[in-house]
Each structure stands twice: as C-alpha cells, then as structure tokens.
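*Asks:* One structure follows; several queries about it will come next.
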Amino acid sequence: MAEESWPGAVYDLLRAHGVTQFCYVPDAGHKVLIDRSLADPDVHSVPLTTEEEGVAMVAGADLGGQRAVLLMQSSGVGNCINMLSLTQGGRFPFLTLVSMRGEFGEGNPWQFAMGQAVERVLKAMGVIVLRAEQPADVVPCVSAAITMAFQSGQQVAVLLTQRLIGAKKF
Amino acid sequence: MARLSKLQTASLPDAVLDRRQAVPALIERPGDFLMVAGLAGTAWELSALTHESPSLFGLGGAMGAAPMMGLGLALAQPKRRVLVATGDGELLMNVGALATIALQNPPNLTIICVDNGHYGETGNQDSHTGLGVRLDVIAAGCGFPVVHVINTEAEMAEGRRLVREGGGLTFILLRVKEGPATHDGKKNLVPHIERDRFRAALLG
C-alpha cells in the first residue's frame with residue numbers, strides 16, 4: 001500500500017464496519033480521518049474538549065446500538081485514565097486510534113513523559129494495545145482491533161507510532 | 001484558617017427545594033426516556049423513581065461521564081428522547097462536555113443538573129456552584145438553545161413542560177437544598193450488568 005493512502009483506507013474500513021460516531025481531539029496524525037468524517041453526511045463528527053469525554057461518548061453510543069471510535073494523540077491517553085473504568089467495568093466495546101508522540105525521533109521534550117507511558121497506562125486500565133510501525137501494518141492492525149472490540153467486546157487501542165507517521169518538524 | 005468565600009458575583013437565591021420531592025415532580029413520566037444518571041445521588045434517586053427500569057444506566061463511578069454518555073446515546077437513538085440527570089459535582093468534573101454537546105445540538109437530549117451546591121457523598125464540602133458558579137450561564141454560553149433554572153416551586157411548571165415536551169436540546173438547573181437523595185433502589189450498580197440490561201431492553 002502506498003504510504004500516503006493508509007489514512008483513507010482506515011476511514012473506509014471503519015465505515016465498512018459500521019462506525020458512525022467519530023470523536024476526537026484534533027491531531028495532525030488524524031487529519032484525514034477527521035476531515036473525512038466532517039465531509040461524511042452519514043456519520044457524527046464530534047470534536048471534544050478533552051479525550052475522556054470521548055471514552056464516555058463511546059460507551060453511550062454502544063448503549064444506543066451504534067459503533068464509535070475515539071481519535072487522539074498520545075498525550076490524551078493520560079486524560080482518559082479514570083474514565084476507562086467505565087469501559088472496563090461495563091465491558092463496553094472500545095476502539096481508539098492513538099497517534100504517538102514522545103518516541104521515535106521526537107524533538108519536543110515535553111512529549112516524552114506521556115508518550116513513553118502510553119502503553120503501560122492503557123494496559124493498566126484493561127486496554128489491549130496494538131502497534132502499527134509501518135504503512136503496511138495499519139489496515140491489518142485496525143481491522144484486527146475492530147474485530148476484537150466490536151465482535152469480542154474488548155477495549156483496544158491501535159498506536160499509530162511516530163515511526164509510522166513521522167516526527168513533527170520544529 | 002483557610003476559608004472559601006462565596007463569589008461576589010453569586011446571584012442565585014438560597015435553594016429551598018427538597019430533591020426527594022423535586023426530582024420526581026420534574027420528571028413526571030420517566031418511562032418516556034432513555035436515561036443516564038450520574039453518580040451518586042442522582043443514580044440512586046432515578047433508580048428509585050423508575051423502579052430500577054432497564055432504560056436507566058446508573059453510574060456508580062467514572063465521575064464526569066454522564067453528559068457525554070447521554071450525547072453518544074442521543075446521537076445513536078435520534079427517535080428516542082434521552083434524559084441525563086446528574087449532580088453539580090459530576091457535571092463540573094467534565095464541564096467542557098457542555099460545549100461539546102452544544103456543538104452537536106441533539107434535539108432529543110435533556111440534561112437535568114440536580115444542584116445541591118455540595119459534594120454530598122464525600123463530607124458535604126461546598127461545591128463551586130454552592131459558592132456561586134453559575135452552571136446555567138455556562139450552559140447558555142456554550143450554546144444550549146434552552147436553559148431553565150428552577151429555584152422555587154414557581155419555576156417548576158415550566159421545567160415540567162420542557163421535560164415533557166422537549167423543545168430541542170435543553171439544560172435544566174434544578175437547585176435543591178442539602179440533604180439526602182432518595183435511596184431505596186439497588187444497593188449496587190454493577191456496570192456490565194447495567195450495560196447488558198439497558199441494551200437488551202432497547203435493542204433486543
């Protein structure tokens with residue numbers, strides 16, 4: 001798959017599997033998905049003020065029989081910690097795509113603390129973590145996560161690693 | 001000794017209503033709604049009010065979740081009316097959710113904040129609203145098209161009408177005195193059981 005085509009393929013995959021609520025705190029790594037959701041009359045595109053709102057919204061969507069996805073940057077994982085007691089305790093299907101900072105080639109020292117803690121924090125709150133390191137990994141990882149979340153009722157994060165999306169230039 | 005003073009801008013009168021009467025009086029027909037209730041008092045009192053209806057998802061934790069769960073539910077079920085009832089402390093924890101919800105403007109969502117001005121479950125400390133923070137002004141500033149404050153019995157009829165008729169996205173601030181919520185429902189709220197029974201009743 002061409003390097004630049006995976007974001008669009010991920011959007012198509014999510015839509016093909018019935019995801020109709022896209023909630024997010026904007027991040028450059030999710031630009032294509034956010035723009036696609038805004039242009040799609042058949043979905044709800046929901047900008048959040050903080051990522052934990054999205055955890056609760058995903059659970060509410062499930063109560064109503066819809067599928068949702070939370071798009072966030074690695075720093076936002078830290079804002080979700082206690083709210084993940086809702087998805088874990090309630091056994092809500094939970095799918096999040098996390099664009100990573102604070103790892104491969106990071107140039108902003110502020111990003112490391114949370115970026116390096118993301119996997120441990122998610123796992124500590126019962127979220128299964130898949131890592132996409134290369135363009136060819138992304139669609140298989142998201143596809144696997146969709147099955148794990150919506151068919152098996154698990155809480156799953158796909159990390160879009162900094163090696164995949166590129167370190168932000170300063 | 002450190003003391004917190006009431007804001008100089010505090011402008012609402014002292015609360016006089018008793019939540020044990022005011023909440024059932026406001027929500028006359030709970031069977032009309034899919035409901036999410038925040039921890040802890042509102043979850044207990046809606047559980048009692050609805051006789052543990054499966055159309056109620058009651059939270060015993062995840063403080064700050066109730067309004068956004070209501071949004072996800074309201075967007076997923078546009079033909080049903082969705083009611084969120086939650087306390088001032090729970091709402092304040094994720095007060096930005098009001099901005100997020102107003103941008104979506106789901107016409108089938110009503111949020112009732114049962115505002116006792118205190119953190120009733122943790123030692124009855126003053127909450128921000130008890131010291132004069134105005135959640136109704138925040139909701140209006142976020143863009144809620146309908147905002148109504150119930151300070152006394154005099155404002156209750158309009159509140160009842162708004163809840164009954166649902167004229168678009170609505171925020172109702174129900175100001176109540178300190179004091180216990182009705183608690184004769186379930187002793188515990190097990191989250192995955194709450195989820196399963198809610199979904200089974202709604203989705204089959």
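The values are calculated or read from the model by the stated rules, or taken from the named source; none is laboratory data. Here the structure is a predicted model, which means the values were calculated and not measured. Here the Cβ is made from the backbone with ideal geometry for all residues, glycine too, and neighbour counts use every protein chain on show.
*Asks:* With respect to A:Phe92, is the statement that it is assigned to a loop (DSSP other than H, G, I, E, B), within 14 Å of chain B (Cβ to nearest Cβ) and out of contact with any His (no Cβ under 6 Å at 6 or more places or on another chain) true? Don't jump to the end; show me each part of the working.
*Replies:* Details: assigned to a loop (DSSP other than H, G, I, E, B): yes; within 14 Å of chain B (Cβ to nearest Cβ): yes; out of contact with any His (no Cβ under 6 Å at 6 or more places or on another chain): yes.
Criteria met by A:Phe92.
*Asks:* Being touching a strand residue (DSSP E or B) at 6+ places or on another chain (Cβ under 9 Å), more than 23 Å from B:Ala154 (Cβ to Cβ) and away from chain A (no Cβ under 11 Å) narrows it down to one residue among B:Pro30, B:Pro106; which is it? I'd like the intermediate steps shown before the answer.
*Replies:* Numbers: B:Pro106 fails: away from chain A (no Cβ under 11 Å).
Residue meeting the stated conditions: B:Pro30.
*Asks:* Counting only residues that are within 14 Å of another protein chain (Cβ to nearest Cβ) and crowded, with 19+ Cβ neighbours inside 10 Å, which one in the stretch B:170-204 is modelled with the lowest pLDDT?
*Replies:* Applying the filter and picking the extreme gives B:Leu189.
*Asks:* Looking at the stretch B:36-43, is at least one residue in contact with a Phe, Trp or Tyr (Cβ under 9 Å, 6 or more places away or on another chain) and within 11 Å of another protein chain (Cβ to nearest Cβ)?
*Replies:* yes
*Asks:* For the stretch B:77-97: of the residues being surrounded by 24 or more Cβ atoms within 10 Å (Cβ to Cβ) and of a type in the set (A, V, I, L, M, F, W, C), which is nearest to the other protein chains (Cβ to nearest Cβ)?
*Replies:* Ranking the qualifying residues of the stretch B:77-97, first place goes to B:Ala97.
*Asks:* Now for a different question. Do you know which residues across the stretch A:53-67 are of a type in the set (D, E, K, R) and more than 7 Å from chain B (Cβ to nearest Cβ)?
*Replies:* A:Asp62, A:Arg67
*Asks:* Next up: Are any residues in the stretch A:144-165 more than 17 Å from A:Leu33 (Cβ to Cβ), crowded, with 21+ Cβ neighbours inside 10 Å and among the aliphatic types (A, V, I, L, M), and if so, which ones?
*Replies:* Of the residues in the stretch A:144-165, the ones more than 17 Å from A:Leu33 (Cβ to Cβ) are A:144, A:147-148, A:150-155, A:162-163.
This time we only want the ones that are crowded, with 21+ Cβ neighbours inside 10 Å, so: A:155, A:162.
Matches in the stretch A:144-165: none.
*Asks:* Could you please let me know if A:Arg101 is of a type in the set (Lys, Arg), more than 8 Å from chain B (Cβ to nearest Cβ), farther than 22 Å from A:His17 by Cα and more than 13 Å from the chain's Cα centre (by Cα)?
*Replies:* Yes.
*Asks:* Considering only the stretch B:1-114, give the helices (runs of 4 or more DSSP H) lying wholly within it that have at least 2 residues that are within 17 Å of A:Val46 (Cβ to Cβ) and hydrophobic (A, V, I, L, M, F, W, C).
*Replies:* Details: elements: B:19-26, B:41-49, B:66-76, B:88-93, B:97-104.
In the stretch B:1-114, B:66-76, B:97-104 are the helices (runs of 4 or more DSSP H) which contain 2 or more residues that are within 17 Å of A:Val46 (Cβ to Cβ) and hydrophobic (A, V, I, L, M, F, W, C).
*Asks:* Considering only the stretch A:59-68, I want to know if a residue exists there that is under 17 Å from B:Met93 (Cβ atoms) and at pLDDT 95 or above.
*Replies:* yes
*Asks:* Restricting to the stretch A:95-127, count the residues that are outside any loop (DSSP other than H, G, I, E, B), closer than 26 Å to A:Asp137 by Cα and hydrophobic (A, V, I, L, M, F, W, C). So that I can check it myself, show each step before the final result.
*Replies:* In the first step, residues of the stretch A:95-127 are kept if they are outside any loop (DSSP other than H, G, I, E, B); the result is A:95-99, A:109-124.
Narrowing further to those that are closer than 26 Å to A:Asp137 by Cα: A:95-99, A:111-124.
So of that shortlist, the ones also hydrophobic (A, V, I, L, M, F, W, C) come out as A:95, A:97-98, A:112-114, A:117-118, A:121-122, A:124.
So the answer is 11.
*Asks:* Please go through (1) of a type in the set (Ser, Thr, Tyr); (2) surrounded by fewer than 18 Cβ atoms within 10 Å (Cβ to Cβ); (3) in contact with an Asp or Glu (Cβ under 7 Å, 6 or more places away or on another chain) for B:Thr100 and return the number of the only condition it doesn't satisfy.
*Replies:* (2)
*Asks:* Only one of these conditions is not met by A:Ala39: (1) over 29 Å from A:Gly166 (Cα atoms); (2) more than 14 Å from chain B (Cβ to nearest Cβ). Which number is it?
*Replies:* Failing condition for A:Ala39: (1).
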